[in-house]
Amino acid sequence: MSEHNQSHPRWLVAAVVVGVISIVVIAAAFPNIVSPLDSRPTPTVWQATVSPSGSSSSYQPELLPPPTYTPPPTRTLTPVPTNTPLPTRTPFILPTIAFDSPLLLLPDLTVTGIGNPICVPDRKGTIVEIGIFIRNIGRAGTRYFGSFRVDVFLLMGQQRYGLDEWAQKFNGVIGTSNMEISSLDANADVKLTVVLDLKGNKDFGVEVLVNSGGDPMREEDMTNNSLTKYFSAQCY
């Protein structure tokens, strides 16, 4: 009976010890339980771009600036010429010299000779061929001053007939060269030919006038433009 009573207090002592330890543990942990937990920063959660339907505030969409468009650099096209123009020719212009200036070079026409009459063969009567020689003794040609005319006159007694008049009245002109000369260079000669029917006359004269007409060409000397010769025909 006594052994049983001695073991009982030991159990009681063990229970008391366990209870004391439990109280100490609870007392140590109590401040942590009572004090509020440390608030740690809550990570920010980005909301979706669409608000829930139950939200009281309306969603304002974010206005994004339109993308900036930078145009590419403009390419300049080099035009291809369709036709290469020919170089412009500048006309040569002679220096202007006063018409009455002594520096202006002028032609000078003269009758250098009247050939002796030549009887035309195989023709009866007094039909003769006469050569006339004209020379430009001036310092310039006549092409820049215009053409000039040569007139021939037949002298019979006291009468003076031009070739046109002798042809109309007596049908006495067989043929002639062109009496209108377009150009004659300086120191150049030209020969003209006249074939006449003298109508039985033996003695006659021929007068030649160069640069004649109503508007004669300008020359250095206008006093040496005529020549007259007399002949005696031998054709019968």
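Under a Cβ-Cβ cut-off of 12 Å, what is the net charge of the residues other than LEU196 that fall near it, where Lys and Arg count +1 and Asp and Glu count -1?
Numbers: positive: ARG123, LYS199; negative: GLU129, ASP197.
Net of charged neighbours comes to 0.
Give, as a single signed number, the net charge of other residues whose beta carbon lies under 15 Å from the beta carbon of LEU227, with Lys and Arg counted +1 and Asp and Glu -1.
That sum, taken over residues with Cβ under 15 Å, equals -1.
Quick one: with all protein chains in place, what share of the accessible area of the range 111-152 is carbon or sulfur, to the nearest percent (1.4 Å probe)? It would help to have the intermediate numbers written out before the result.
Numbers: 1060 of 2220 Å².
That fraction is 48 percent.
Which FRET efficiency value, to the nearest 0.05, is calculated for LYS229 and LEU104 with the Förster distance at 30 angstrom and r the Cβ-Cβ distance?
Numbers: r = 33 Å, r/R0 = 1.11.
Once the sixth-power term is evaluated, E becomes 0.35.
Scan around LYS199 for amide H atoms under 5 Å from its own, H built in the peptide plane at 1.01 Å from N, and keep only partners 5 or more places away or cross-chain.
Those qualifying (amide H under 5 Å, at least 5 residues apart or on another chain) are THR126.
Of all GluC sites (Glu not before Pro) in the range 195-236, which ones are in loop regions per DSSP and have a Cβ with at most 16 other Cβ atoms within 10 Å?
Numbers: sites: GLU207, GLU219, GLU220; in loops: GLU219, GLU220.
Qualifying residues, ordered by number: GLU220.
Counting only heavy atoms of protein chains, what accessible area per residue, in Å², does the range 127-190 have with a probe of 1.4 Å?
Numbers: 3480 Å² over 64 residues.
On a per-residue basis, 54 Å².
Leaving out same-chain residues fewer than 8 places away, which lysines sit with a Cα under 22 Å from that of LYS169?
By straight Cα distance, LYS169 reaches LYS124, LYS199, LYS202.
Net charge near VAL208: determine it from the other residues with C-beta under 13 Å of the C-beta of VAL208, scoring Lys and Arg +1 and Asp and Glu -1. Don't skip to the answer; put the middle values down first.
Working: positive: ARG135, ARG149, ARG160, LYS191, LYS229; negative: ASP151, GLU207.
For residues surrounding VAL208, the net value is +3.
Pop a pseudo-label 7 angstrom from the Cα along the beta-carbon direction at both LYS202 and ARG143 and give the gap in nm to one decimal.
Each label point lies 7 Å from its Cα, and together they span 4.9 nm.
The values are calculated or read from the model by the stated rules, or taken from the named source; none is laboratory data. Since the model is a prediction, treat every value here as computed from it, not as a measurement. Because the Cβ atoms are built from the backbone with ideal geometry, glycine has one as well, and the counts that use them run over all protein chains shown. Surface accessibility is based on the protein's heavy atoms, side chains included, excluding ligands, DNA and RNA. Shrake-Rupley method; radii C 1.70, N 1.55, O 1.52, S 1.80 Å.
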